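First comes the structure, then the notes that go with it.
The values are calculated or read from the model by the stated rules, or taken from the named source; none is laboratory data. Given the structure is predicted, the values throughout are model-derived calculations rather than measurements. Quick reminder, even Gly has a Cβ in these numbers, built from the backbone with ideal geometry, and neighbours come from all protein chains shown. Keep in mind that these areas ignore ligands, DNA and RNA; they rest on the heavy atoms of the full protein, side chains included. Shrake-Rupley method; radii C 1.70, N 1.55, O 1.52, S 1.80 Å.
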Amino acid sequence: MIALRCSACASPLEIDALTCAVCGELPAFVLDTAAFAADEIRARSRARRASIDPRDRSGVWRFRELRPPIDEAQIVTLREGDVPLFDAPLGAAYAGLARLSYLHLGMNPTASFKDAGMTVAISRARERGSRVAVCASTGNTAASMAAYAARAGMTAVVLAPVDGISAAKVAQTLDYGAHVVAVEGDFDDALRAVRALDPSMAAVVNSVNPYRIEGQKTAAFVLLEGRDWNAPDWVVLPGGNLGNSSALGKGFREAYDIGLADRMPHLAVVQASGAAPFARVWETGADLVPVRAQTDATAIRIGDPASWKKARNEVRTSAGTVLAVDDSEIADARAVIGRDGVGCEPASAASLAGLRHLVQDGRIARDTDVVCVLTGHVLKDTAYATRYHESGARYANAIVRGSSVAAYLASLLGAHA
Ligand SMILES: [Zn+2]
């Protein structure tokens with residue numbers, strides 16, 4: 001029903017391989033979509049949403065038949081994946097659209113999209129008897145791995161760039177009991193070190209691990225299900241290491257092939273202009289040239305994305321696009337998302353900033369049905385938010401002495417009455 005193959009040369013691969021023995025590219029699970037009936041999947045998902053079993057309530061595990069099988073007793077879940085779609089009236093106006101919604105993957109147990117993949121990767125690691133999980137991370141993968149490894153009784157080891165990781169994410173990772181190694185270098189250096197590890201020493205749970213992708217693809221199913229299985233015209237998401245772009249593309253493709261949705265949305269992947277090697281690939285048609293990444297959106301500060309070929313295939317299949325936006329545009333878009341009462345970390349806001357470009361350029365018309373994917377919670381980078389509000393003298397709207405608060409409030413509330 002599902003087999004592991006090379007994503008480039010299609011050679012069959014040993015289960016748990018992290019690279020193709022023939023050509024060195026990334027593995028990917030290939031699902032026999034003809035073996036599934038859409039009505040059955042829809043009905044089973046509906047029934048499981050009403051169950052009290054945590055595996056059924058998880059937005060990831062309620063679609064478990066669409067993945068490589070894992071012993072149900074080994075599943076490590078924190079009720080991830082069942083994230084909300086929010087209407088975004090201010091975001092729509094900002095982008096120039098009549099309407100817009102956000103799929104907020106930051107509403108996961110450790111507050112980022114990584115949980116949907118990590119629950120599967122750690123469950124598989126536990127099933128095969130791994131005692132240690134390891135990853136390179138700009139912060140969100142670290143926190144997610146640390147939480148799931150803790151639940152699984154495994155040791156978690158994180159390699160994180162010494163600069164360019166939010167303090168909130170490090171604290172969160174330490175809270176879950178992980179061993180954090182600060183690497184003097186960037187994310188790409190850390191990932192190279194992890195990929196060079198002897199696989200018998202530890203389970204590598206970066207998105208080069210195809211089990212991660214099999215979890216994260218379910219965000220596509222959850223999005224479709226939240227719209228009664230009606231696909232939007234476009235899905236816009238931030239792009240860093242490009243595992244999530246690959247995963248969402250795979251999810252929409254499989255949903256379409258199975259008949260869960262009547263069409264595939266176009267994917268738009270948005271990078272930060274200081275970390276945009278994939279946008280360059282899209283523009284030039286050439287192979288990826290790694291860059292030394294620089295952006296305040298640290299979750300996508302990645303100059304040598306591991307999954308760029310898989311992501312390019314998915315974006316092409318969806319007739320989508322790739323673009324880059326400046327950090328100042330990300331900052332403005334993030335503020336708008338906050339004003340919708342939603343909030344997100346900076347990298348997430350690349351999606352709305354990119355959408356605004358696509359509308360201004362006439363690539364997306366005003367009445368188009370669009371979902372922006374937000375990948376991390378607003379509290380993931382509190383230092384960024386603080387800097388943003390301080391820089392415009394907006395840290396507080398007023399400073400009032402204790403004895404004057406009552407009079408100030410009366411006047412303020414009177415003005416809004
Ligand atoms: Zn190969």
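Go through the stretch 364-380 and give me each residue that's within 17 Å of Ala350 (Cα to Cα) and either modelled with pLDDT under 95 or not in a helix (DSSP H, G or I) (or both). Selection gives Ile364, Val370, Val371, Cys372, Val373, Leu374, Thr375, Gly376, His377.
Summed over the stretch 2-16, the residues that are assigned to a loop (DSSP other than H, G, I, E, B), more than 10 Å from the ligand (Cβ to nearest atom) and surrounded by 15 or more Cβ atoms within 10 Å (Cβ to Cβ) give a count of 1. Of everything in the stretch 45-97 that is of a type in the set (Val, Ile, Thr) and either in contact with a helix residue (DSSP H, G or I) (Cβ under 8 Å, 6 or more places away or on another chain) or open to solvent by less than 20 Å² (accessible area, probe 1.4 Å) (or both), the residue that is nearest to Asp340 (Cα to Cα) is Val83.
Checked against the criterion of being closer than 23 Å to Ala324 by Cβ and under 15 Å from the mean Cα position of the chain (by Cα), the candidates Ala335, Ala353, Ala347 yield just one match: Ala347.
Here Glu214 passes the criteria (1) in contact (Cβ under 8 Å) with a residue 24 or more places away in the chain; (2) over 21 Å from Ile122 (Cα atoms); (3) among the charged types (D, E, K, R) except the one numbered (2). Regarding Ala272, is this residue under 18 Å from the mean Cα position of the chain (by Cα) and within 28 Å of Ala190 (Cα to Cα)? When the stated conditions are applied, Ala272 passes them.
Can you tell me which residues in the stretch 169-193 are open to solvent by less than 40 Å² (accessible area, probe 1.4 Å) and not basic (Lys, Arg)?
Across the stretch 169-193, the qualifying residues are Gln172, Thr173, Ala178, Val183, Gly185, Asp186, Phe187, Asp188, Ala190, Leu191.
Would you check if there is a residue in the stretch 121-131 being in contact with a strand residue (DSSP E or B) (Cβ under 7 Å, 6 or more places away or on another chain) and open to solvent by 10 Å² or more (accessible area, probe 1.4 Å)? Yes, some residue in the stretch 121-131 is in contact with a strand residue (DSSP E or B) (Cβ under 7 Å, 6 or more places away or on another chain) and open to solvent by 10 Å² or more (accessible area, probe 1.4 Å). Condition test on Asp287, is it under 18 Å from Ala220 (Cα atoms), among the charged types (D, E, K, R) and modelled with pLDDT of 95 or more? Taking the combined requirement at face value, the residue does not satisfy it. Scanning the stretch 17-60 for residues being away from the ligand (no atom under 16 Å from the Cβ) and not polar (S, T, N, Q) gives a total of 26.
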